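Read the structure below first, then the notes.
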Amino acid sequence: MRRTSADYPSLQHQHQQLLQQLSGLQELRRGSLTEQFLMVKRKDGSRVKRGPYPLLTRKQGQKTISRRLTDPALLPLYRRQIQAMRQFEGVVEGLVRVGEQLSDLVVAEAVQKKTPGELEQAAEVRRLAVALAARQTPDFEAWESLLLQAARQGGAGVLTTLLRHWQQHAPREVILCPCGQRMRSRGRGGKRLLTTLGGVAFVRSFYQCRPCSRGRFPDDERLDIIQTTYSPGVRRLMARAGSQAQFEQAAEDLRCYAGLTVEAREVERVAEEVGHQVERWLAAEQQQLLQAAGTPARAVTFPAKFYISFDGTGVPVRKNELVGRRGKQADGSARTREAKLGCVFTQIGLDREGHPQRDPHSTTYVGAIESSTLFGWRLYAEALRRGLEQAQTVIVLTDGARYNHTIVQTHFPQAVHIVDLFHAYEHLTALAQIRWGQEAKAPKAWRRWLEAGDIDRLIRQAGQRLPAFTPSKRSMIKQLCYFENNAPQMRYAEYREKKFFVGSGVVEAGCRTVIGERLKQSGMHWSVRGANAILALRCCILSGRFQDFWASRTP
Ligand SMILES: [Zn+2]
């Protein structure tokens, strides 16, 4: 039964009565009276029962101690004292019960009190409605915003009722402590929730474990609002907004689009928290995928060409994240940490000119600031999830950096590894510039050999043109090494023939949209932890998986 403030006087009266009863109880004795019979052995060997003898029994710590009362005349006195003790316990129990009910009333009143801001809002809606109704000329937008405000206020009221109804009718479960003990209710506590409909009052029971004193709010757990005053709907919006735009901008967007007033640093905190949850979700999924890999459960193959591509880009980070790292700054220091981004997509068809065409909406992303070893596993798991083991043709597109080869050899040994043609062009231009100066372009023949995949010939021919000047000679040899190291991944004529993509444009565009647009704006200095949380969120959203993640977290 839910009590209202009307119950207040009756509860106070009960309280007074109980206190009076308490003051009348003076002589108290713990324990109880029992009777003892003894079996006595007679001289002839037969046994006879003697008694009863009165016993006073009481617990002392873990032990039960009994004492025989030798004088039967004292028995009524003992009985009265013990009886008084029972009354005392009953009265105290009653006081606690009435006290809890009074506490509930006080809490409920405090929580249900509308904040001055909300009262103002309600008054504002009424004032505007009157003003708008009196106007001659219509103002469509004003009507819309007025009705939206009114609908939100009404909705918040319904939501409050729904929550209470649920609490009154939800089946009562035994609440267990992690230590295994049953937890007992310790009264109720209230908090204000911010929901997508506005502020809502919420009162729920607090449970505590007597032996270990741990506490829980079971209703908070069931409603997914543990240690937060933001409803799940609001947290989802905050996470999304914070992943899309800088936090100040995100807070402003939430105010404009959803009528939510939250501070920028709260958006940051909640978005990062949800990002970490996404990371944990992905890690668990990765575990499952890696364990299931290789089991011949799904024998179906699919005809699409299966592409895996990855690249890195620098994310500006705080100074303390760079200690001991070398970088590209003039003094050798670093300003950024490399975030690696991987993507998986498929291709079946060709466009009108006969060029390979990516399957629409087939691209998914994974990314993090992490070692290439960890990233390799992350990418491999994503490829497994997308159907790596069912794919007939697997192609890996990279820019030819050294760690690329390691990842391909470790995780995708069956794949055709292609080094991006456009990076190769750049290296070709670099060769020409070292040889003939800043304005130079690569000779047409070099380009032809490259496109034909005749890397041996390219290296032979260019190698004959090494300059005499030693530093230039050295950097030209370095460029030639790039071609030599990547020659097996540069059979471009063959790839064209098979209608493969030969450019890593998809992952490069991904680096800009997934990472650059959110994490590389001027003035940004990320913590690695924060950057990874936002990166996880963005990959999840841009891969079309945010809904899956969100659905997975409710029991
Ligand atoms: Zn416990």
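Here Phe306 clears all of (1) out of contact with any strand residue (DSSP E or B) (no Cβ under 6 Å at 6 or more places or on another chain); (2) surrounded by 19 or more Cβ atoms within 10 Å (Cβ to Cβ); (3) among the aromatic types (Phe, Trp, Tyr) except the condition numbered (1). Being away from the ligand (no atom under 16 Å from the Cβ), crowded, with 18+ Cβ neighbours inside 10 Å, of a type in the set (A, V, I, L, M, F, W, C) and under 25 Å from Arg126 (Cα atoms): is that true of Ala151 here? For Ala151, the condition - away from the ligand (no atom under 16 Å from the Cβ), crowded, with 18+ Cβ neighbours inside 10 Å, of a type in the set (A, V, I, L, M, F, W, C) and under 25 Å from Arg126 (Cα atoms) - is not met.
From the residues in region 180-204 that are within 15 Å of Gln167 (Cβ to Cβ), more than 16 Å from the ligand (Cβ to nearest atom) and of a type in the set (Gly, Ala, Ser), which one is farthest from the chain's Cα centre (by Cα)? Full working, then the answer.
Residues of region 180-204 that are within 15 Å of Gln167 (Cβ to Cβ), as a first pass: 185, 187-191, 193, 200-204.
Subset that is more than 16 Å from the ligand (Cβ to nearest atom): 187-191, 193, 200-204.
Subsequent filtering for residues that are of a type in the set (Gly, Ala, Ser) retains 187, 189-190, 201.
Working: Gly187: 30, Gly189: 26, Gly190: 25, Ala201: 25 Å.
Filtering region 180-204 for residues that are within 15 Å of Gln167 (Cβ to Cβ), more than 16 Å from the ligand (Cβ to nearest atom) and of a type in the set (Gly, Ala, Ser), the one farthest from the chain's Cα centre (by Cα) comes out as Gly187.
Report, by residue number, each residue of region 61-90 that is closer than 23 Å to Gln26 by Cβ and either in a strand (DSSP E or B) or hydrophobic (A, V, I, L, M, F, W, C) (or both). Working first, answer last.
Kept after step one, since they are closer than 23 Å to Gln26 by Cβ, are these residues of region 61-90: 67, 69, 71, 73-90.
Answer for region 61-90, where residues must be closer than 23 Å to Gln26 by Cβ and either in a strand (DSSP E or B) or hydrophobic (A, V, I, L, M, F, W, C) (or both): Arg67, Leu69, Ala73, Leu74, Leu75, Leu77, Ile82, Ala84, Met85, Phe88.
Residues in region 147-185 that are at pLDDT below 85 and hydrophobic (A, V, I, L, M, F, W, C): 1 in all.
Among the residues of region 208-257, those identified as free of Cβ contacts under 8 Å to residues at least 60 places away in the same chain and of a type in the set (Ser, Thr, Tyr) are Ser213, Thr228, Thr229, Tyr230, Ser231, Tyr257. The single condition from (1) surrounded by 13 or more Cβ atoms within 10 Å (Cβ to Cβ); (2) touching a helix residue (DSSP H, G or I) at 6+ places or on another chain (Cβ under 8 Å); (3) outside any loop (DSSP other than H, G, I, E, B) that Asp456 fails is (1).
Among what's in region 154-179 and is of a type in the set (A, V, I, L, M, F, W, C) and closer than 18 Å to Ser205 by Cα, pick the residue that is nearest to the ligand (Cβ to nearest atom). Outline the logic, then answer.
We begin by selecting, within region 154-179, every residue of a type in the set (A, V, I, L, M, F, W, C); these are 156, 158-159, 162-163, 166, 170, 174-177, 179.
Filter once more, so that each one left must be closer than 18 Å to Ser205 by Cα: 162-163, 166, 170, 174-177.
Values: Leu162: 32, Leu163: 28, Trp166: 27, Ala170: 23, Val174: 14, Ile175: 11, Leu176: 9, Cys177: 3 Å.
Once the filter is applied, the top-ranked residue is Cys177.
Among the residues making up region 429-453, those that are in contact with a helix residue (DSSP H, G or I) (Cβ under 8 Å, 6 or more places away or on another chain), assigned to a helix (DSSP H, G or I) and more than 16 Å from Gln489 (Cβ to Cβ) are Ala430, Leu431, Ala432, Ile434, Arg435, Ala445, Trp446, Arg447. Criterion first (closer than 16 Å to Leu537 by Cα and either out of contact with any helix residue (DSSP H, G or I) (no Cβ under 9 Å at 6 or more places or on another chain) or buried (at least 18 other Cβ atoms within 10 Å of the Cβ) (or both)) does Val278 satisfy it? Yes: the conditions hold for Val278.
Could you check region 21-36 and list, in sequence order, the residues that are outside any loop (DSSP other than H, G, I, E, B) and surrounded by fewer than 10 Cβ atoms within 10 Å (Cβ to Cβ)? Full working, then the answer.
Taking region 21-36 as the starting set, the residues that turn out to be outside any loop (DSSP other than H, G, I, E, B) are 21-23, 32-36.
If the condition is that a residue be outside any loop (DSSP other than H, G, I, E, B) and surrounded by fewer than 10 Cβ atoms within 10 Å (Cβ to Cβ), then Ser23, Glu35 are the ones that fit.
Given the structure, is Ala264 surrounded by 20 or more Cβ atoms within 10 Å (Cβ to Cβ) and under 21 Å from Thr195 (Cβ atoms)? Spelling it out, it is not the case that Ala264 is surrounded by 20 or more Cβ atoms within 10 Å (Cβ to Cβ) and under 21 Å from Thr195 (Cβ atoms). Tell me, which helices (runs of 4 or more DSSP H) lie completely within region 469-555 with 2 or more residues that are in contact with a Phe, Trp or Tyr (Cβ under 8 Å, 6 or more places away or on another chain)? In region 469-555, 505-510, 528-542, 546-553 are the helices (runs of 4 or more DSSP H) which contain 2 or more residues that are in contact with a Phe, Trp or Tyr (Cβ under 8 Å, 6 or more places away or on another chain).
Does Thr470 satisfy being among the polar types (S, T, N, Q) and under 30 Å from Ser372 (Cα atoms)? Judged against the criteria, Thr470 is not a match. Would you tally the residues in region 205-224 being out of contact with any strand residue (DSSP E or B) (no Cβ under 9 Å at 6 or more places or on another chain), of a type outside the set (Gly, Ala, Ser) and either farther than 17 Å from Trp166 by Cα or near the ligand (Cβ under 10 Å from one of its atoms) (or both)? So the count comes out to 2.
One line per residue, one yes/no per condition, for (1) without any contact (Cβ under 8 Å) to a residue 60 or more places away in the chain; (2) hydrophobic (A, V, I, L, M, F, W, C); (3) surrounded by fewer than 21 Cβ atoms within 10 Å (Cβ to Cβ):
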| residue | (1), (2), (3) |
| --- | --- |
| Gly367 | no, no, no |
| Gly376 | yes, no, no |
| Gly400 | no, no, yes |
| Ala415 | no, yes, yes |
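Contact map, region 165-187: residues that are without any contact (Cβ under 8 Å) to a residue 24 or more places away in the chain paired with residues that are more than 16 Å from the ligand (Cβ to nearest atom), Cβ distance under 8 Å, separation 6+ or inter-chain. Pairs shown: Ser185/Ser205.
In region 417-457, of all residues being more than 16 Å from Ile477 (Cβ to Cβ) and among the β-branched types (Val, Ile, Thr), the one that is modelled with the lowest pLDDT corresponds to Thr429.
Per-residue answers, yes or no, for (1) at pLDDT 80 or above; (2) of a type in the set (Phe, Trp, Tyr):
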| residue | (1), (2) |
| --- | --- |
| Arg68 | yes, no |
| Leu75 | yes, no |
| Glu93 | yes, no |
| Glu100 | yes, no |
| Glu109 | no, no |
| Pro138 | no, no |
| Trp143 | yes, yes |
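The values are calculated or read from the model by the stated rules, or taken from the named source; none is laboratory data. Just so you know, these numbers come straight off a predicted model, no measurement behind them. In this analysis, Cβ positions are derived from the backbone assuming ideal geometry, glycine residues included, and neighbour counts consider all displayed protein chains.
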